[in-house]
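The values are calculated or read from the model by the stated rules, or taken from the named source; none is laboratory data. On a predicted model such as this, the values are computed, not experimentally measured, just so you know. When we count neighbours, we look across all protein chains shown, and the Cβ atoms used for this are built from the backbone with ideal geometry, even at glycine. With ligands, DNA and RNA removed, areas are computed over all heavy atoms of the protein, side chains included. Shrake-Rupley method; radii C 1.70, N 1.55, O 1.52, S 1.80 Å.
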Amino acid sequence: VGENRVFVWSKYIGAEIDAGRDDKALAVMDRAQSAIPNRKEFKNRVEWFMRAVEKDHHLYDRELELADRAEKVLTGDAERKEIRKWRTTIFRIESQKRLKGHDPVGSLQVLARAAESNVDEGQLKQGLEYHLAEAFGEIYERGGSSGVKDHYREVIAKFPNEQRTAGNIVCSHAKRVTDKLTREKRYTEALDVAGEYADLSGDRGTELRAW
């Protein structure tokens, strides 16, 4: 099969998606698969919606719009599962991008929006765990333990079922802080931090109380 034909079919599909003619794009995909059945790129219909943003790199709202459009026209169970994973990845990338931009509040807002969408729950939990591990450290450096406690409360307000997850991570964060303070011979501060975080750490609070 000539690569020129593959290129033309590919451009045709992309043009229909760019124009918002998703039903017609699906029809063109079917025609392309019939014309060139041995090319795997014409078999994954979700991937064509993903490709529509590659030239623009990571554009958060544009990608979410395309995921929503794909979900409206692709009804197969496997395709719906792939779209959920794609949508979750979009949210996670944006959340991490805001963390790198020193915006933990914005990062959490992205994850809260994800929780209200049709996403992969397991991947979303991983995204929240990553957020907490990174955000607590940065917030502590900027605002001390009071800032961490405020962010913890915001997390629980948005994710009430993840209190245990948040407690485990805040406990790990507290241990890193207390270890550092101890190495620096700031013993009173270390004891204060352990006490302040104990009540937030759920079942693991006893580890800090006994520290």
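Remark: the chain carries 54 Å² of accessible area per residue (probe radius 1.4 Å; ligands, DNA and RNA excluded). Entry note, the chain: the mean residue ellipticity at 222 nm calculated from DSSP H runs of n ≥ 4, each adding -39500 (n - 2.57), is -25500 deg cm²/dmol after division by the residues and rounding to the nearest 500. When you filter the trypsin sites (Lys or Arg not before Pro) in region 143-211 for DSSP loop state and at most 11 other Cβ atoms inside 10 Å of their Cβ, you are left with K185.
Computed with a 1.4 Å probe over protein heavy atoms only, the accessible area of D30 comes to about 80 Å².
Rounded to the nearest 10 square angstrom, V177 shows an accessible area of 10 square angstrom against a 1.4 Å probe. Averaging Cα coordinates gives a centre for region 23-82 and one for region 107-176; these two points are 33 Å apart.
In terms of overall dimensions, the chain has a Cα radius of gyration and Dmax of 23.2, 75 angstrom. Given R0 = 22 Å, the distance between the Cβ atoms of L191 and E129 translates into a calculated FRET efficiency of 0.20. Which longest uninterrupted range of the chain lacks any GluC sites (Glu not before Pro) assigned by DSSP to a loop state (not H, G, I, E or B) and surrounded by at most 12 other Cβ atoms within 10 Å? Longest run free of exposed loop sites: 1-115.
Calculated FRET efficiency, S117 to N4, Cβ-Cβ distance, R0 = 41 Å: about 0.55 to the nearest 0.05. Solvent-accessible area assigned to carbon and sulfur over region 35-104 amounts to 48 percent, based on a 1.4 Å probe. The stretch between K43 and K97, if pulled fully straight at 0.36 nm per residue, gains 16.3 nm over its current Cα-Cα span.
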